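Down below is the structure, laid out as structure tokens.
The values are calculated or read from the model by the stated rules, or taken from the named source; none is laboratory data. These numbers were taken from a predicted model, which means no experiment stands behind them. Every residue, glycine as well, gets a Cβ built from its backbone with ideal geometry; the counts of neighbours run over all protein chains shown.
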Amino acid sequence: MDKYKLIVRWAEGETVTKIAEEVGDLKGTATKLIQKFKQYGDVLYDARKNNSRPKTLGNKDKKVIEKSLRKNPKASLDNLVDIIALKNGKSVSQCAVNSYQHTIGSFNVPVMENLLSARNIQKRLEFCLKYQEDAFSNVIFTDKSSFELNKNSQKVFVFKDHEAVR
């Protein structure tokens with residue numbers, strides 16, 4: 001049904017439920033259309049088109065990003081977005097900031113950190129040195145958990161007889 005006809009029927013006094021049933025539409029959809037008409041005077045008006053933030057960063061925004069990155073090269077996207085909001089008084093998306101960072105060649109590269117403490121490293125080294133000459137021929141190593149990387153669900157396992165493996 002035409003959106004305008006729905007509004008005309010509603011203006012003539014028909015209930016939203018009755019209109020929705022006859023049209024085969026949801027009551028919520030018809031209600032939203034009527035609310036839009038009440039608020040803006042038109043059913044085709046889209047408030048988001050007039051109030052959306054700019055799609056791209058302006059020159060002032062880019063200068064703020066560059067200056068912030070010179071001060072703190074490891075600044076997070078959240079921080080950069082907040083700084084732009086404070087300095088320029090507008091909101092920008094993290095995606096736009098991230099894209100510009102890559103354009104100027106400034107982005108954070110993850111760095112591998114050692115998660116072991118110096119004490120733990122020393123203890124492990126001492127253990128290795130202590131058992132360096134041991135062949136471990138009569139030791140069975142076990143683990144409580146297992147995990148898989150890049151799981152291949154197409155893999156088929158065939159269990160063979162223990163004697164056939166030898």
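Okay, residues lined up against (1) closer than 20 Å to G58 by Cα; (2) modelled with pLDDT of 85 or more; (3) of a type outside the set (D, E, K, R):
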{"residue": "K71", "(1), (2), (3)": "no, yes, no"}
{"residue": "K74", "(1), (2), (3)": "no, no, no"}
{"residue": "L77", "(1), (2), (3)": "yes, no, yes"}
{"residue": "D82", "(1), (2), (3)": "yes, yes, no"}
{"residue": "C95", "(1), (2), (3)": "yes, yes, yes"}
{"residue": "Y100", "(1), (2), (3)": "yes, yes, yes"}
{"residue": "S117", "(1), (2), (3)": "no, yes, yes"}
{"residue": "N120", "(1), (2), (3)": "no, yes, yes"}
Under 9 Å by Cβ, and 6 or more places apart or on different chains, what pairs join a residue from the range 114-141 that is in a helix (DSSP H, G or I) with one that is of a type outside the set (D, E, K, R)? I121/N114; R124/L116
